[in-house]
Structure formats: C-alpha cells, structure tokens
Amino acid sequence: MTDSHCFDTSRLDALFAPRSIAVVGASDQASKIGGIPLDYLLRFGYGGALYAVNPRASRVQGLPAHERLAAIGAPVDLAIVAVPQSQVAGVLEDAAAARVQSMVLFSSGYAETGSDGTAAQQALARRAQEAGIRLIGPNCLGFMRPGHQVYATFSPAPGGGLVRPGRIGMVSQSGAFGAYAYSLARERGLGLSLWATTGNEADVQLADGLAWLAQDPETDVIMAYMEGCRDGPRLRAALALAQERGKPVVMCKVGTSALGAAAAASHTASLAGNDAVYDAVFRRYGVLRAHSITDFFALAASASIARAPKGRSIGLFTVSGGVGAMMADDASAAGLDVAPLSDAAQRQLREWVPFAAPRNPVDITGQVTNDMTLLERSARLMLADRQFDSWLGFFAAGGLSDAFWPVLQSLVQTLRTHNPDILLAVSTLCPPERRDALEALGCLVFADPGAAIRCIGALARLHETPQALPAMADAGSALHLPAGTLSEQRSMTLLAEAGVPVVPHRLVRTAAEAAQAVQAAQEMGGRIALKVCSDAIAHKSDVGGVALNLADAAGAQAAFDRILANARQARPDAHIDGALAAPMVQGGVECIAGVHRDPVFGPVLMFGLGGIHAEILRDVSLRLLPITRDDALAMVRELRAFAVLDGARGRPRVDLDSIADTLCALAGFAQRAGATLESAEINPLIARPREDGGCVAVDALVIGREAA
C-alpha cells in the first residue's frame, strides 16, 4: 500500500465524534472504571444522548439504567465497554444487534496475556468487523475530545484538571504515557483537539488515529507516541496523508532494538537496524521525531504556534557573548546557516555599541539596559541586512522584568509586522501569561536557547522533505526470484541485467580454465581473484573459498584446487559450480550498497562506506522504496564520511553520479523482484573517479524468498 487515499476514516467519525454514547457496565460509583467515564460525561457537559447500561440497577448516576444495548431503542454511535473479559463477547453480540457504530473497550485479558488471549482478541476483531463496528482497544485507556466534551476514558488525568480545547491531536499506543502526556499538555497550556490511546489495537491502530486527525478540520498538528508497528503500509499511508494535508506530525518512537534485522544472511539487514528503518520512514514523510519528552512537547507547541521557516538561515541575537557562542555551536549541530552580517551592518552596530560583537551571533552586551532602543534597532538591522529565515533572541531573565517586558513585547510586535514570513523565537525566563502573550503573536518562547535551536532546525526540515512516494522510471517487467541464496555468478548476472555496473567475470570449472583466466588478465596487465561459486555458500571467505592477487597460471591452478577443497570440506552437502574468476580492481573507495526486506515496511535501500566503516562505524544511509535519483544522491552526501568520497586530503573525487545510478538500478531491481526478494547486496562496491570508469560491483549476493 502506497496510496495515502486508501484510508476511509468516515466510519471513525462515530467513534471520535459521537452524537450518542452508551456506557456498558455503568457504575453508580464515580471512582470505578464503569463509573468514571459516565461521571466525566455528565460533569463536563457532554451534549449528545447519553445512556447507562447495567442490568442490575434501575438508575445509575441519575440516569435510567438499561438492561442491554438493544433495550435502549435509539441509535448509539459509541459504546464505552467497561465489563470483565468474560462478558465482552456477549456485549459485542448485543452491540451488533443494536447496530452500534463503534466501541471503546477497556477490558484486559487479551493479546497482552499470551497465545490464548491473542486468539480471543483476533476472534473479537473478526466479529466487530463483520458487524461493522469500529473498535478501539481492548486493554486501552480510551479517548477524549475536549472541544466536544467527549470523555470516553477512565484515566484519572481529567479529574486533576481539564486540558483546554485546541488544535493539537494526540494519539498514544500507551495508556500510561498518554495519561502522563495529557497532564503535561495541561500544565504546558497546550490545547488538544483529540487525545486517544489505542491499547492492543485489535482494530483501530495508531495509524488510523493519525489518518483521522489528518482529515480533521479542527486539528493542525499531530502528536504520536509509538512503541511499535505491525502494519507498515498502513502507517506509511497515514503519514503520507498528513503530509499531503500539510499537518506536521511530531513522533516519539521508543525502542531501538534490531527486531528482524539480523535474520538475513547479508550485512545490509544488520546495518539497517529496526530503529534506523523507522528513521527512514519518518524522513520520507517529514515526521518530526522527538528523542525526549521535552522535545516532544516543544516541537508540537512550536509547530502549532509558528509556520516552518522557508530555509535554514538564522540570525542569532544575544545579550551574553558566552551564550551566543553556545547558540552558534548548537545552530551548526542542527544544520542551520549562521551567515555573518555584511560589513556595512557590522560597522553600524559598532557605531552604536563600540564593544559589540556584530558578526552573527550579534552580541550588544548589557548595554541594552542603558539604551533599550538598541534592542529593536539592532534586530531590525539584522533582518533588513540578511533576510534570515529564522531569528532567535536570548534575553536571559529579561522576561521577568516589569521594566523590560514592554520593550520585549514591542520588539516582537514590530518584527512580526515588518517580517511576517520569518520564524521568530526568544529565549528568556518569563511567567506563563507573558509567554502566552508572545506566542499569540506567533513568537516561540523557550527558557533554554539550545531547545529553541533544536526546534527551529527540526521545523526547517519540513520545507525540505520531498513529496511522499516519488515516482521512479519504469524498471521493466516483473522478475520472479527463486527462494534461497543465489551464487555470486547468478547474483552478478541479475544485477548486471538490471543496470548495475559489475566487474567482468567468468565461471571456471577446472584448474586449467583458472589458468586461462589469469593468462587473460596478464595480457591486460592485471591479476585475478578466484572465489568458490555455489548457491549454498553465501560467505565464501568463511569456508576458505577465496584466493586473491593471482598473477600466474601455476598459482591460479593451485588456488583453484585449494579453495574448492576447502569449500567441500567445510560444506560437504553443497553443490559447487566451480569458481568465479574476475580481475582485481585497484584503487577506489570500498562501499557497500544493498536492499533488504524489512518485516514491517518492506524493501529498504542502504548505502555506506565498506570495510571497517560499515562494520564498526555503521556509517550508512537508508531510504524506503521507491526512490528518485535525487534521493540516491542525498544518500551518498549524508554519510558522515562523505568527504572520503568527495576528495578529502588530496584523494581523487569519486564519480558520485555513477553511485547514484547504481543505487537507482538496485532499487529498480528490488521493485521488479517484488515480494520474491529478501535482500540484494553489493559488497564491495568500489567507487572510483569518472576517468577510471566510475563505480563497479566486485561481489554480490541476492537472496530470494517465497512470495506470500
């Protein structure tokens, strides 16, 4: 699934925007699970039809009690189910008979308990689907829609104070984290359009919540807390939909294990670890990933207050030289461009404050306390001189000063009026009401300038994210690979047919043919490598099946006999085709390129430097398929060790275009092979200057799989 329009979220309206609610297992005690949501709905003023279902009571919290859902005799959009697991199946049948549209299921005892619970959950999901009921849960904390007074939850968080209605939607797979995040949002003053927890996700998944919020006219920014994903295409489609609708998604993804990454026989899967694949997914769809709770809320608040900057240039203003230096360092780490002011602007600043640091960051020192007009004059000069995309001012504790506050407020108003497209931010200590006043002007407010710069850097990436699901050129007809490991010869042939440049090679079946191969290489002034060739042997060096730098016929014959004997001793069960003879490739930079099938998201392309760089530094870049050629070039350039390819320390610059072409060819091969490809790897891929022929694949390994 790659089409973001595949989601039909209209049936979720009855869940998240119900016109009528029934609480099944309703309790007269507001402290019990069945009493809490009913208490909230009554106390906080839910305006729709509200029903209590309890066969052992005549009235519950002042409402008439119904024996069952079907006895209500009126349409029910949402049933909040708070009964033991043993009663859930009966309630579901009753809901089906009553044509209930959706359910929130608090009950536990399902997939979280083991195989029996998993089977019960699957049966529950099937029956709900047959009845046309959208189900959130089981084992969930429910959801809230503050602006509509819908409180389908037993979380104690609203009892401690309500979050205000707003335009940020929040979806969490964890109920405990969700309740904590609700309280943090309340304390931070963030307004929520929806708060939802998905629990075991028998039906409604986090992706469904994201897709619904992407289409919700009352939501501008989406926050999501994710522990894992079972349906990668569903998540990709939801994120693509949010991207198309221009709604930033701020994601807190926990868990960095390498689930499913070590199963393949190639290096590619182990290098492209589970968490790195999630990073590639988030990159593709412009998701702002938060690595801390602080950043989670800071990014969401920032995205809801200010528009993303149009570029990476930033003007830094400070009243402290030391903080200015730290801001410059943080900006560099965030990939922001701290361009210096022009000489003319710097001269003007020195005329105003002879001991100022006027370059960028601009430090006008504590002189601002003697002449507060310096603040606005200097800031406007900066913005007129360089037309920065973002501007950040550090004012220490100035926001607490009654004397300084009007000056700061006037500064923000003036800069916003004269520069409506710029992202404005200030770092200062100030009380909540002053922070709210500045944020109402579209200015971000931070106590920590480093946090401000991290947010600005993240928001700047929103304008740089390519459109989701780029089209690739036609890769040709479909290709059906046999299951299992293919020999190097078969792998190289397949990749060569796909357009990957491979080293000249031939299969030799006898020692005499090996001698002929080395003689042919001698005529071209080179040497050859011999590698045992077998579908059953993926890693030839592990069985002593490789001989390098063979320069004469006698050496080639002896090497042929030796590597085949080694392979037969190590793998007596393996059918051996012979040995692959290929000329030794001299010079260049050793790289690795591959594509592997992630168990959740499907084919993922990887590129990195080979040898010690791959095994120890793990300096690789990843992309989901499909890719564009621009994606391929970006993969090469974003390596930490890119300078090695780009001619560092006098080394020749390799042909970057040939690497990009090779990555596109490899991606095209993977798309043609489809579900029959487990992985394909080129290791090493030797990157060379254009005059030396560009890059060339020296070894390859393709692994096929049985298509589902």
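The values are calculated or read from the model by the stated rules, or taken from the named source; none is laboratory data. Keep in mind it's a predicted model, so treat the numbers as computed, not measured. Neighbour counts are summed over all protein chains in view; Cβ atoms, including those assigned to glycine, are modelled from backbone coordinates with ideal geometry. For accessibility, only protein heavy atoms count, side chains too; no ligands or nucleic acids. Shrake-Rupley method; radii C 1.70, N 1.55, O 1.52, S 1.80 Å.
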**Asked** Picking from 649, 618, 597, which residue would you name as being open to solvent by 50 Å² or more (accessible area, probe 1.4 Å) and without any contact (Cβ under 8 Å) to a residue 24 or more places away in the chain?
**Response** 649
**Request:** For the range 475-523, enumerate the residues that are hydrophobic (A, V, I, L, M, F, W, C), open to solvent by 50 Å² or more (accessible area, probe 1.4 Å) and modelled with pLDDT of 90 or more.
**Result:** 483, 512
**Prompt:** Pick from 452, 437, 460: which is within 26 Å of the chain's Cα centre (by Cα) and either within 20 Å of residue 400 (Cα to Cα) or among the acidic types (Asp, Glu) (or both)?
**Reply:** 452
**Prompt:** When both residues are 6+ apart or on different chains and their Cβ atoms are under 6 Å apart, which pairs have a first residue that lies in the range 107-118 and is under 19 Å from residue 197 (Cβ atoms), and a second that is crowded, with 18+ Cβ neighbours inside 10 Å and among the hydrophobic types (A, V, I, L, M, F, W, C)?
**Reply:** 107/88; 110/120; 117/111
**Message:** Tell me whether the range 684-699 contains one or more residues that are farther than 25 Å from residue 528 by Cβ and of a type outside the set (Lys, Arg).
**Reply:** no
**Request:** For residue 629, work out the one condition from (1) in contact (Cβ under 8 Å) with a residue 60 or more places away in the chain; (2) surrounded by fewer than 20 Cβ atoms within 10 Å (Cβ to Cβ); (3) farther than 13 Å from residue 695 by Cβ; (4) in contact with a Cys (Cβ under 8 Å, 6 or more places away or on another chain) it doesn't fulfil.
**Result:** (1)
**Single condition residue 471 does not satisfy, out of (1) open to solvent by less than 50 Å² (accessible area, probe 1.4 Å); (2) among the aliphatic types (A, V, I, L, M); (3) farther than 14 Å from residue 669 by Cα; (4) at pLDDT below 95** = (1)
**Asked** Is it true that some residue in the range 128-148 is open to solvent by less than 20 Å² (accessible area, probe 1.4 Å), in a helix (DSSP H, G or I) and touching a residue at least 60 places away in the same chain (Cβ under 8 Å)?
**Response** yes
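Residue 92: open to solvent by less than 30 Å² (accessible area, probe 1.4 Å), within 17 Å of residue 153 (Cα to Cα) and in a helix (DSSP H, G or I), yes or no?
It is false that residue 92 is open to solvent by less than 30 Å² (accessible area, probe 1.4 Å), within 17 Å of residue 153 (Cα to Cα) and in a helix (DSSP H, G or I).
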**Request:** Check every one of the strands (runs of 3 or more DSSP E) wholly within the range 564-611 and list those with 2 or more residues that are within 30 Å of residue 622 (Cβ to Cβ) and out of contact with any Pro (no Cβ under 9 Å at 6 or more places or on another chain).
**Result:** 589-598, 602-609
**Message:** Whether any residue in the range 571-587 is exposed (fewer than 15 other Cβ atoms within 10 Å of the Cβ) and at pLDDT below 90 is what I want to check.
**Reply:** yes
**Message:** Exactly one of these conditions fails for residue 109: (1) modelled with pLDDT of 95 or more; (2) surrounded by 16 or more Cβ atoms within 10 Å (Cβ to Cβ); (3) not aliphatic (A, V, I, L, M). Give me its number.
**Reply:** (1)
**Message:** Taking the criterion of being open to solvent by 30 Å² or more (accessible area, probe 1.4 Å) and either more than 19 Å from residue 500 (Cα to Cα) or touching a His at 6+ places or on another chain (Cβ under 8 Å) (or both), would at least one residue in the range 653-671 satisfy it?
**Reply:** yes
**Request:** Please give the strands (runs of 3 or more DSSP E) falling wholly within the range 616-708 in which 1 or more residues are farther than 25 Å from residue 488 by Cα and not basic (Lys, Arg).
**Result:** 620-624
**Prompt:** When residues of the range 295-350 are filtered for being polar (S, T, N, Q), over 31 Å from the mean Cα position of the chain (by Cα) and crowded, with 23+ Cβ neighbours inside 10 Å, how many remain?
**Reply:** 1
**Item:** Members of the range 32-52 that are part of a helix (DSSP H, G or I) and open to solvent by 40 Å² or more (accessible area, probe 1.4 Å)
**Value:** 42, 43
